[in-house]
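J.: Okay, handing you the structure first.
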Amino acid sequence: MAAATTFRDRLWIGGEFVDARSERRRPTVDPATGRVLAEVADGDEQDVDRAVAAARAAFADRRWAGRAPAARKKVLLRLADLIRANADELAVLDSLDAGKLIADTSAVDVPGTAAILQWYAETADKTYGEIAPTGSGDLALVSREPLGVVAAVVPWNYPLEMAMWKLAPALVTGNAVVLKPAEESPLSALRLAELADQAGLPPGVLNVVTGDGPVAGKALGLHPDVDAVTFTGSTPVGKLFLEYAGRSNMKQVWLECGGKSANVVLDCNADLDAVANGVCFGIFTNAGQVCSANSRLVVHRSVKDELLAEVVKRAAKIRPGDPLDPATVMGPLVSERQADRVREYIEIGRGEGLLRLGDDAVDGAPTTAYVGPAVFDDVPPTARIAREEIFGPVLAVIGVDSEEEAVAVANDSPFGLAASVWSDDLRQAHRVAGLLRAGTVSVNTVDALDVTTPFGGFGQSGFGRDLSLHAMEKFTALKTTWVKYG
Ligand code: NAD
């Protein structure tokens, strides 16, 4: 695999790389080795102003929104091709910057990013307006209009893919975008902007401001000329964006926030081998840094011990290692700071449940960002490790005695992003799925997801949906045009 040799390390504004006005830079670190990969421009309020102005100018003169939908489609499809053509580099960038497995970035994240863009691009000339059945004899046309300037603020767990979840529907509908990647993982977004330029996206339609969340992210949230913010990240920061909007121009805010998803295993004859694999996949993929991670196993006591033994057996074999080795199944967490946070939760968990697996030190690890799988049994539903999002490979197992209790425990959460239910009785599985308060419920699998299906949550997991045609509703407003005859 070709390693990326040149890192783009400046802001992308108005179709070119520029330094931050302050000329400040911040290091972006490879969590696997502790090496500083690049000193990246540290954008602040002045840079956000510049980027928003560039986006506004691009939107106002209709250099993108005014193009025929088929022409916009062509540019976006070209970008999807360029992502594929540069797949190795993009995969390496996200692996280095965020400690993600190269096996995942090259097989899942990058191809997924291109596929999502292609899917949205293809909708450009296949979506229609409406004629309202007013019965008045006059004509009422209902069209979808782009909002204008959209700010996309994204996290580090799937840097390129999360960005594309926002960019593709925002761009295909004619908006201009300012993207703010996470501090921890800015590199792939900057390369993506350059590829978009190469694909023919007009200058100013996509801008990337790297920088600190509480500075650059906040400036976007408060900016009077941003029409909408689409955010993926933690619930506390999601709440801040609501405040920013209220304190500024009442911009629309769409939030995909945290989760504490329940994996519900009922008293059934489900194939425990498959369930154990699903449980491990659900919590240990991406080292547990997945918003929809199935971090709670809510399991009927009739099958709990047998299932748990299988889960622990599998988890014990997972040794965190070098993310650039294609054989590695778990890499480091995104940063030593995040790993400390997860270790803190493991300490908290020791006082709340029974630690069946999980040790702090990973032998021979070059940094402290590596945390192995941890499994806690007998966790009360009220425990902090059962209620708070940990964002690491930590599983809380909660035993229940009935279907009703399983549903009550699963739903007793401030979050409502995803859930799974396992049963060999599809009638039972369907009944329970209907009762679970979650944006996505996977039956006899975990974390099912597709570009064609909406993704988002209930409660403090946020609102608005990414993916599917529904995501386009967030980036457009309905407009009615009346035409009077006679
Ligand atoms: P985070 O909330 O700390 O940061 C997300 C983004 O917000 C980053 O770009 C960051 O720079 C910015 N930000 C941080 N503080 C800010 C502030 N004060 N004002 C404005 N912007 C600010 O989240 P994270 O640690 O990068 O990512 C992990 C979180 O993201 C987890 O809670 C996870 O559940 C969530 N997540 C959710 C989804 C989903 O679709 N629901 C997907 C992935 C991750």
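The values are calculated or read from the model by the stated rules, or taken from the named source; none is laboratory data. Since the structure is predicted, the reported quantities are computational estimates derived from the model, not experimental observations. Here the Cβ is made from the backbone with ideal geometry for all residues, glycine too, and neighbour counts use every protein chain on show. Heavy atoms of the whole protein, side chains included, go into the accessibility calculation; ligands, DNA and RNA do not. Shrake-Rupley method; radii C 1.70, N 1.55, O 1.52, S 1.80 Å.
J.: Determine the gain in length on full extension of the stretch Ala107-Asn277; use 0.36 nm per residue of separation and subtract their C-alpha separation, reporting nm with one decimal. Let's see the in-between values first.
T.: Numbers: separation 170, 0.36 × 170 = 61.20 nm, distance 1.96 nm.
Computed gain between Ala107 and Asn277 is 59.2 nm.
J.: Between Asp378 and Phe17, how many nm apart are label points set 7 Å from Cα along the C-beta direction?
T.: Inter-label distance under the simple model: 5.7 nm.
J.: Report, largest value first, the span of the C-alpha coordinates of the stretch 136-176 along each principal axis, in whole Å.
T.: Cα extents, longest axis first: 54, 15, 13 Å.
J.: Would you mind telling me the share, in percent, of accessible area of the stretch 56-117 contributed by carbon and sulfur at probe 1.4 angstrom?
T.: Working: 1280 of 2200 Å².
Ligands and nucleic acids excluded, carbon and sulfur give 58 percent.
J.: Considering Cα pairs under 8 angstrom that are at least six residues apart, work out the relative contact order of the chain and quote it in whole percent. Don't skip to the end; give the middle numbers.
T.: Working: 1161 pairs, mean separation 85.9, N = 486.
Value for the chain: 18 percent.
J.: Here is a further query. Would you work out the relative contact order for the stretch 328-486, in percent, from Cα pairs under 8 angstrom that are 6 or more residues apart? Let's see the in-between values first.
T.: Details: 235 pairs, mean separation 22.8, N = 159.
With pairs under 8 Å counted, the relative contact order is 14 percent.
J.: Same structure, new question: At 7 Å along Cα-to-Cβ for each site, give me the label-to-label distance between Asp425 and Ala316 in nm.
T.: About 3.4 nm, to one decimal.
J.: Something else: What does the convex hull of the alpha-carbon atoms of the stretch 382-483 project to on average, in nm²?
T.: Values: hull surface 37.2 nm².
Taking a quarter of the hull surface, the average projection is 9.3 nm².
J.: If the cut-off is 26 Å between C-alpha atoms, which lysines fall inside it for Lys73, apart from same-chain ones fewer than 8 positions away?
T.: Cα-Cα hits under 26 Å: Lys126, Lys166, Lys180, Lys474, Lys479.
J.: Still on this structure: Given 4 °C and 1.567 mPa s, how large is the Stokes-Einstein diffusion coefficient of the stretch 153-243 in µm²/s, with Rh as the Kirkwood radius over Cα pairs? Display every interim value, and only then the final one.
T.: Numbers: Rh = 13.3 Å.
For these conditions, the coefficient is 97 µm²/s.
J.: Can you pull the percent of the stretch 333-444's accessible area that's carbon plus sulfur, 1.4 Å probe, other chains left in place? Don't jump to the answer; show the numbers that get you there.
T.: Details: 2330 of 4750 Å².
The value for the stretch 333-444 is 49 percent carbon and sulfur by accessible area.
J.: Take the alpha carbon atoms of the stretch 273-310, find their center, do the same for the stretch 212-261, and report the distance between the two centers in whole angstrom.
T.: If we compute the Cα centre of each part, the gap is 32 Å.
J.: While we're on this one: Probe 1.4 Å, all protein chains in place: accessible area of Asp49 in Å², nearest 10?
T.: 80 Å²
J.: In terms of modelled amide H atoms, which long-range or inter-chain residues lie less than 5 Å from the amide H of Val177?
T.: Residues meeting the amide H criterion: Val150, Leu206, Asn207.
J.: Using R₀ = 51 Å, calculate the FRET efficiency as 1/(1 + (r/R₀)^6) where r is the Cβ-Cβ separation of Val142 and Asp363; round to 0.05. Can you show the working numbers first?
T.: On the way: r = 63 Å, r/R0 = 1.23.
It comes out at approximately 0.20.
J.: Test of understanding: extend the Cα→C-beta vector of Asp49 to 7 Å, then name every residue of the stretch 194-235 with backbone N under 14 Å from that spot.
T.: Output list for this probe position: 219-220, 223-225.
J.: Please sort 369-377, 292-300, 420-428 by packing, taking for each peptide the average over its residues of neighbouring beta carbons within 10 angstrom, highest first. Walk me through the numbers on the way to the answer.
T.: Working: 369-377: 25.3, 292-300: 27.1, 420-428: 19.2.
Going from most to least packed, we get 292-300, 369-377, 420-428.
J.: Report the normalised scattering of the stretch 228-366 as log10 I(q)/I(0) at q = 0.11, 0.12, 0.16 Å⁻¹, calculated by the Debye formula with identical scatterers on the alpha carbons.
T.: -0.55, -0.64, -0.98
J.: Let me ask something else about it. Treat the chain as a sphere of radius equal to its Kirkwood radius over Cα pairs and apply Stokes-Einstein at 25 °C in a medium of 0.890 mPa s; give the translational diffusion coefficient in µm²/s, rounded to a whole number. Kindly include the intermediate steps, with their values, before the conclusion.
T.: On the way: Rh = 23.2 Å.
Estimated diffusion coefficient is 106 µm²/s.
J.: Looking only at the stretch 162-181, which residues have a backbone nitrogen under 18 Å from a spot 7 Å from the Cα of Ala477 in the C-beta direction?
T.: Counting backbone N atoms under 18 Å from the label point, the list is 170-171, 173-178.
J.: So for the stretch 16-154, Kirkwood radius off the Cα pairs, Stokes-Einstein at 4 °C and 1.567 mPa s: how many µm² s⁻¹? If you can, show how the numbers build up before the last one.
T.: Numbers: Rh = 18.7 Å.
This corresponds to a translational diffusion coefficient of 69 µm²/s.
J.: What FRET efficiency comes out for Glu306 versus Thr134 if R0 is 41 angstrom and r is the Cβ-Cβ distance? Round to the nearest 0.05.
T.: Numbers: r = 63 Å, r/R0 = 1.54.
Computed FRET efficiency for Glu306 and Thr134: 0.05.
J.: At 0.36 nm per residue, and after removing the present C-alpha to C-alpha distance, how many nm does the segment from Arg84 to Val443 gain when stretched out fully? The partial results should precede the final answer.
T.: Details: separation 359, 0.36 × 359 = 129.24 nm, distance 3.21 nm.
Gain in length upon complete extension: 126.0 nm.
J.: Another question about this same structure. Sorting Ser302, Ser442 by accessible area (1.4 Å probe), largest first, what list results?
T.: Most to least solvent-accessible, the answer reads Ser302, Ser442.
J.: Please list, in order along the stretch 331-342, the HN-Hα scalar couplings obtained from phi with the Karplus expression 6.51 cos²θ - 1.76 cosθ + 1.60 (θ = phi - 60°), rounded to whole Hz, x for Gly and Pro.
T.: x, x, 6, 5, 7, 5, 5, 5, 5, 4, 4, 5
J.: Can you report the principal axis dimensions of the stretch 83-206 using only the alpha carbons, biggest first, rounded to whole angstrom?
T.: That works out to 62, 25, 24 Å along the principal axes.
J.: If you rank Leu307, Leu147 by how much accessible surface each has, with a 1.4 Å probe, what is the order from largest down? Please list the in-between numbers first.
T.: Details: Leu307 0, Leu147 30 Å².
Ranked from most to least accessible, the order is Leu147, Leu307.
J.: State in Å² the accessible area per residue of the stretch 92-224; use a 1.4 Å probe, count heavy atoms of protein chains only, and round to the nearest integer. Display every interim value, and only then the final one.
T.: Details: 3560 Å² over 133 residues.
Each residue of the stretch 92-224 exposes 27 Å² on average to a 1.4 Å probe.
J.: Per 5 Å bin from zero, what fraction in whole % of the C-alpha pairs of the stretch 136-295 is there, up to the bin with the longest pair?
T.: Result, from short to long distances: 2, 8, 15, 17, 16, 12, 9, 8, 6, 5, 2, 1, 0 percent.
J.: What ranking, highest mean first, results for peptides 467-476, 59-68, 217-226, 203-212 when packing means the other Cβ atoms within 10 Å averaged over each residue?
T.: Numbers: 467-476: 19.7, 59-68: 15.5, 217-226: 21.8, 203-212: 25.5.
In descending order of packing, they fall as 203-212, 217-226, 467-476, 59-68.
J.: Find how much the distance from Asp125 to Asp61 grows on full extension, using 0.36 nm per residue of separation minus their present alpha carbon separation; answer in nm with one decimal. Numbers along the way, then the final one.
T.: On the way: separation 64, 0.36 × 64 = 23.04 nm, distance 2.11 nm.
Here the segment from Asp125 to Asp61 would lengthen by 20.9 nm.
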